[in-house]
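Q: The following block contains the structure, expressed as structure tokens.
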Amino acid sequence: MSGIALKGMTWSHPRGYDPMVACAQDWLEKTGVSIEWDKRSLQDFESFPVEELARRYDLIVIDHPHVGQITAEGCLAPLDVPGREVPLAKLAQGTVGASFPSYNWQGRQWAFPIDAATQVLAFRPDRMVAPPTRWEEVLDLAKAGEVLLPLRPPHSLMCLFTLCGNLGQPCSVEKDRPFVDAQTGVAAIEMIRELAALTDPACIEMDPIAVLDRMGENGARYSLSPLIYGYVSYSLDGFRANRIAFADMPVAGAGGPVGSALGGTGIAVSAFSENRDAAIDFAYWIAGGPVQADRYWRSGGQPGHAAGWEDEAANAATLGFYRNTRRTLEGAWLRPRHDGYMPFQEAASQRINQAVTSREPAAQAIADLNALFVKSFR
């Protein structure tokens, strides 16, 4: 296959882009197949139509909630193809939490996890000896002006997901029952509202990258973000002025650090690719344990394979990022993935922010979210 040239699209952050470029160089040397990677912003990554990308790129890094939509559109190629049963089983066995099954829809595998993440806790280890483990402790730090919380859509909805799950009543992924339990949903909205009132109002427009950049600045007064997607880059020495450590999410319920809204990314192959087999070859290779536990994380990636999470050198280089957040990832909750979920995610996030920044009864917001969810099924 030497001489084949592929194009790939990923997201614009060192964690999303740098390992793809580094691994592509290794792949070129190994196979003679070149891959040119482009990148898009985090906001685009979470909302841009996958079908448009599939018509322009052979390889696409996607977010698992897209799988219902992309299956309906027929724009991605399934990766569980005949003759690859053994490597497919090995990838499945290497999952952390629900990362691998999150890309399985209607009985087919549409992507492989190359990056595993969920909402955890971020803190400045130079400012506190140990991170809080309970929600009440977070509020105490917020009252002292030390907390930031990313609430830019879709992250306000992710906070609602995580809190409902941790309180013991995860949101629904099916049309036939209410999206949010009324009592639990009201409690979660009130928790977000209480915390938001104690943080910088700018949080309503901040995503995790903005929050972590602010926390890592010299002279920053912020020590903590209690619900934020883990970003291993900020744990690396020299990435920002100050290193940020990560730990399991603070607990509000009685079941430990469970219910966090699963994130991460997967590598997918366009159904329109003229070099589909070559693209699938690369997807299997980059998602595998040997690459994930070595070249992928060493070039700035956040592995999606357990081999990377368990690598001693990876943990030593990142203030124990993987070891210290693994329980939360293993107990993470898989959000809805049906065709129609992506527009709902945006509308629901906006509705939550409206409630969080006003004095309206939280019960009205929950009723509206339940109605939006029913309408989201196509």
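The values are calculated or read from the model by the stated rules, or taken from the named source; none is laboratory data. None of these values were measured; they are calculated from a predicted model. Glycine gets a Cβ as well: all are built from the backbone with ideal geometry, and neighbour counts include every protein chain shown.
Q: Select from the range 1-21 the residues that are farther than 20 Å from Ile62 by Cβ and at pLDDT 95 or above and write down the one among them that is surrounded by the most Cβ atoms within 10 Å (Cβ to Cβ).
A: Here the residue is Ile4.
Q: Mind checking which residues of the range 162-207 are closer than 28 Å to Arg15 by Cβ, charged (D, E, K, R) and surrounded by fewer than 19 Cβ atoms within 10 Å (Cβ to Cβ)?
A: Those that are closer than 28 Å to Arg15 by Cβ, charged (D, E, K, R) and surrounded by fewer than 19 Cβ atoms within 10 Å (Cβ to Cβ): Asp200, Glu205.
Q: Out of the residues in the range 47-79 meeting the condition of being among the acidic types (Asp, Glu) and surrounded by fewer than 22 Cβ atoms within 10 Å (Cβ to Cβ), tell me which one is nearest to Gly107 (Cα to Cα).
A: Residue satisfying both the conditions and the ranking: Glu73.
Q: Now, a different point. Is the range 82-99 home to any residue that is more than 30 Å from Arg193 (Cα to Cα), in contact with a His (Cβ under 6 Å, 6 or more places away or on another chain) and assigned by TED's automatic domain parsing to the domain that holds Glu274?
A: yes
Q: Six or more apart or on different chains, Cβ under 9 Å: which pairs go from a residue in the range 160-172 that's in contact (Cβ under 8 Å) with a residue 24 or more places away in the chain to one that's part of a helix (DSSP H, G or I) and of a type in the set (Phe, Trp, Tyr)? Could you list them?
A: As it stands, the answer is Leu163/Trp135; Asn166/Trp135; Pro170/Phe161; Cys171/Phe161; Cys171/Phe373; Ser172/Phe373, since those pairs meet every condition given.
Q: Quick one: which of Ala117, Ala72 is at pLDDT 95 or above and aliphatic (A, V, I, L, M)?
A: Ala117
Q: Please indicate, with yes or no, whether at least one residue in the range 101-108 is in a strand (DSSP E or B) and either in contact (Cβ under 8 Å) with a residue 40 or more places away in the chain or buried (at least 18 other Cβ atoms within 10 Å of the Cβ) (or both).
A: Checked the range 101-108: at least one residue is in a strand (DSSP E or B) and either in contact (Cβ under 8 Å) with a residue 40 or more places away in the chain or buried (at least 18 other Cβ atoms within 10 Å of the Cβ) (or both).
Q: Further, regarding this structure: Might you let me know whether the range 226-243 holds any residue that is outside any helix (DSSP H, G or I), without any contact (Cβ under 8 Å) to a residue 40 or more places away in the chain and aliphatic (A, V, I, L, M)?
A: yes
This table checks each residue for (1) among the basic types (Lys, Arg); (2) more than 17 Å from the chain's Cα centre (by Cα).
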{"position": "Arg221", "(1), (2)": "yes, yes"}
{"position": "Ile228", "(1), (2)": "no, no"}
{"position": "Ala241", "(1), (2)": "no, yes"}
{"position": "Ala254", "(1), (2)": "no, yes"}
{"position": "Ser273", "(1), (2)": "no, yes"}
{"position": "Phe282", "(1), (2)": "no, yes"}
{"position": "Gly288", "(1), (2)": "no, yes"}
{"position": "Gly304", "(1), (2)": "no, no"}
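Q: Please give the strands (runs of 3 or more DSSP E) falling wholly within the range 1-88 in which 1 or more residues are without any contact (Cβ under 8 Å) to a residue 60 or more places away in the chain.
A: Qualifying strands (runs of 3 or more DSSP E): 5-11, 34-40.
Q: Looking for something touching a Leu at 6+ places or on another chain (Cβ under 7 Å) and within 30 Å of Glu51 (Cβ to Cβ) - is there at least one such residue anywhere in the range 235-257?
A: Checked against the condition, which is being touching a Leu at 6+ places or on another chain (Cβ under 7 Å) and within 30 Å of Glu51 (Cβ to Cβ), the range 235-257 yields no hits at all.
Q: When the range 208-254 is examined, which residues are found to be charged (D, E, K, R) and either surrounded by 20 or more Cβ atoms within 10 Å (Cβ to Cβ) or farther than 13 Å from Pro150 by Cα (or both)?
A: Across the range 208-254, the qualifying residues are Glu217, Arg221, Asp237, Arg240, Arg243, Asp248.
Q: Condition first: within 23 Å of the chain's Cα centre (by Cα), of a type in the set (A, V, I, L, M) and within 17 Å of Phe282 (Cβ to Cβ). Now tell me which residues in the range 2-45 satisfy that.
A: Across the range 2-45, the qualifying residues are Met9, Met20, Val21, Ala22, Ala24.
Q: Looking only at the range 279-309, count every residue that is acidic (Asp, Glu) and either in contact (Cβ under 8 Å) with a residue 60 or more places away in the chain or within 22 Å of Pro131 (Cβ to Cβ) (or both) and tell me the total.
A: Of the residues in the range 279-309, 1 are acidic (Asp, Glu) and either in contact (Cβ under 8 Å) with a residue 60 or more places away in the chain or within 22 Å of Pro131 (Cβ to Cβ) (or both).
Q: Answer yes or no: is there a residue in the range 142-155 that is within 16 Å of Leu334 (Cα to Cα), surrounded by fewer than 20 Cβ atoms within 10 Å (Cβ to Cβ) and touching a residue at least 12 places away in the same chain (Cβ under 8 Å).
A: no
Q: For the range 365-378, does any single residue satisfy the condition of being at pLDDT 95 or above and in contact with a Ser or Thr (Cβ under 8 Å, 6 or more places away or on another chain)?
A: yes
Q: Continuing with this model, one more query. Out of the residues in the range 116-138 that are within 15 Å of the chain's Cα centre (by Cα) and of a type in the set (S, T, N, Q), which is surrounded by the fewest Cβ atoms within 10 Å (Cβ to Cβ)?
A: Thr118
Q: Which residue pairs have Cβ atoms closer than 6 Å, lie 6 or more positions apart in sequence or on different chains, and pair a first residue in the range 191-205 that is in the same structural domain as Ala144 (by TED's automatic domain parsing) with a second residue that is at pLDDT 95 or above and in a loop (DSSP other than H, G, I, E, B)?
A: These pairs meet every condition: Leu195/Leu149; Thr199/Leu148; Thr199/Leu149; Cys203/Leu148; Cys203/Leu149; Cys203/Leu151; Ile204/Leu151; Glu205/Arg152.
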